[in-house]
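The values are calculated or read from the model by the stated rules, or taken from the named source; none is laboratory data. Here the structure is a predicted model, which means the values were calculated and not measured. Cβ atoms come from the backbone with ideal geometry, glycine included; neighbour counts cover every protein chain shown. All accessible areas refer to the heavy atoms of the entire protein, side chains included, with ligands and DNA or RNA removed. Shrake-Rupley method; radii C 1.70, N 1.55, O 1.52, S 1.80 Å.
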Amino acid sequence: MKQTLAELMRMSRICRMVFVTCLGSFILVIFYFQSMFQPVMRRNPFVVDGCCRKGSRNALQELYNPTQPELSGAAVLHQARRDQVVDACRVYSASSRKRRVLTPGDLKHLVVDEDHELIYCYVPKVACTNWKRVMMVLTGRGKYSDPMEIPSNEAHVPSNLKTLNQYSIAEINHRLKNYLKFLFVREPFERLVSAYRNKFTLKYNSSFHKRFGTRIVRRYRKNATQEALLNGADVKFKEFAEYLVDPATQRDGPLNEHWQTVYQLCHPCHIHYDMVGKYETLEEDANYVLRLVGVGESLRFPSYAKSTRTTDAMTAQFFSNISTQQQIQLYQLYKLDFLMFNYSIPSYLRLD
């Protein structure tokens, strides 16, 4: 009898051990499959966390899978622009020694709109003032209705817009995966000449004259007058070009954002931008973004003054006053912007 009881107790212990082992194995299997599927779900731009959307389609979904037939043609165009960036980055990456890791400090140009799930990388001299005005309307929750009623200096106050570097790493990753990311670009040398005209030929930009003009005059102008050394208000484009291509300038640190490359400002080889708008088709592309967001009927992108715009002919005139060597060096400096955004080499350049 005692032997039978001991046998039963031993059998009971064995059964419990088998049960615990099976239960543990089952839990491990669940975690295994969960870990397999979760990364795939995170990479899918059409899977949006249930906590963040209430059944409606966001701009990212509308871009890649438009429900409005009239948006289908634009979707094809922007796919071609995305492909151009990817191809250029692939060629560049093959020749680089290592892939650069972005830090939060690299994300200070990426403006975030939580309500419409947008991220906009602003590029100075590519209608960024008007885009910041529009972003203030989108994020203002009724505080603003007309972008042009917002003074230009208000648009550039950092506290009026939230940028991606203000979030935690986890929050940054979530937004980069789930929000529509876009930027606007411009023919690189037109943008460069536009920056020069705005910052060095207008009297009201005295801060730029003091900060950069005096340095440029001191370095590159022989027999400079005391007034020029003190004020830096009459920098010539040739001197500005010499400053840009001088290795000493590169050693000083990153270029100012107004003449820094889009490649360095927005990091398109590290951040996958869903839409690349162009200054040459500004209003069309900008209003396309607003239609994707669902506000196209109530909000239009402001038109700009074409009479003051820096043109290709104007740019050619400025470049005719610099040496062939400077032209070649400037092209090398902005080459990636030309390649990534499908801008051809200007006919006025002397690269031979």
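The listed residues are Thr315, Thr281, and the only one of them that is within 19 Å of Arg186 (Cβ to Cβ), open to solvent by 40 Å² or more (accessible area, probe 1.4 Å) and part of a helix (DSSP H, G or I) turns out to be Thr281. With respect to (1) open to solvent by less than 30 Å² (accessible area, probe 1.4 Å); (2) within 24 Å of Glu114 (Cβ to Cβ); (3) touching a Phe, Trp or Tyr at 6+ places or on another chain (Cβ under 9 Å), the lone exception for His174 is condition (1). Of the numbered criteria (1) open to solvent by less than 70 Å² (accessible area, probe 1.4 Å); (2) modelled with pLDDT of 95 or more; (3) polar (S, T, N, Q), the one Gln166 fails is (1). Within the range 203-235, the only residue that satisfies the criterion of being open to solvent by 100 Å² or more (accessible area, probe 1.4 Å) and in contact (Cβ under 8 Å) with a residue 24 or more places away in the chain is Lys203.
Taking the numbered list (1) touching a Phe, Trp or Tyr at 6+ places or on another chain (Cβ under 7 Å); (2) modelled with pLDDT of 60 or more; (3) more than 30 Å from Glu190 (Cα to Cα) in turn, Pro45 passes all entries but (2).
Here is a check on your reading of the model: is Asp106 modelled with pLDDT of 95 or more, more than 18 Å from Arg186 (Cβ to Cβ) and out of contact with any strand residue (DSSP E or B) (no Cβ under 9 Å at 6 or more places or on another chain)? Judged against the criteria, Asp106 is not a match. Residue check: Leu290 meets all listed conditions (1) assigned to a helix (DSSP H, G or I); (2) among the hydrophobic types (A, V, I, L, M, F, W, C); (3) under 19 Å from Arg191 (Cβ atoms) but one, namely (3). Kindly evaluate Val262 against the criterion of being touching a helix residue (DSSP H, G or I) at 6+ places or on another chain (Cβ under 9 Å), of a type in the set (A, V, I, L, M, F, W, C) and farther than 16 Å from Val123 by Cα. Judged against the criteria, Val262 is not a match. Looking across the range 245-262, the residues that are part of a helix (DSSP H, G or I), open to solvent by 10 Å² or more (accessible area, probe 1.4 Å) and either of a type in the set (S, T, N, Q) or in contact with a Lys or Arg (Cβ under 9 Å, 6 or more places away or on another chain) (or both) come down to Ala248, Gln250. Per the conditions (1) assigned to a loop (DSSP other than H, G, I, E, B); (2) surrounded by fewer than 16 Cβ atoms within 10 Å (Cβ to Cβ); (3) of a type outside the set (Phe, Trp, Tyr); (4) at pLDDT below 90, the sole criterion not satisfied by Asp115 is (4).
Only one of the numbered conditions (1) closer than 25 Å to Leu192 by Cβ; (2) open to solvent by 10 Å² or more (accessible area, probe 1.4 Å) is not met by Val101, and that is (1).
Checking the stated criteria, Thr249 turns out to be without any contact (Cβ under 8 Å) to a residue 24 or more places away in the chain and β-branched (Val, Ile, Thr). For the range 178-202, the candidate set comprises residues that are more than 21 Å from Lys132 (Cβ to Cβ) and touching a helix residue (DSSP H, G or I) at 6+ places or on another chain (Cβ under 6 Å); within that set, the residue that is surrounded by the fewest Cβ atoms within 10 Å (Cβ to Cβ) is Tyr196. How many of the residues making up the range 70-90 are within 18 Å of the chain's Cα centre (by Cα) and open to solvent by less than 30 Å² (accessible area, probe 1.4 Å)? Here the count works out to 5. Applying the condition of being within 23 Å of Ser152 (Cα to Cα) and open to solvent by 60 Å² or more (accessible area, probe 1.4 Å) to the range 292-303 and asking which residue is modelled with the highest pLDDT yields Arg300.
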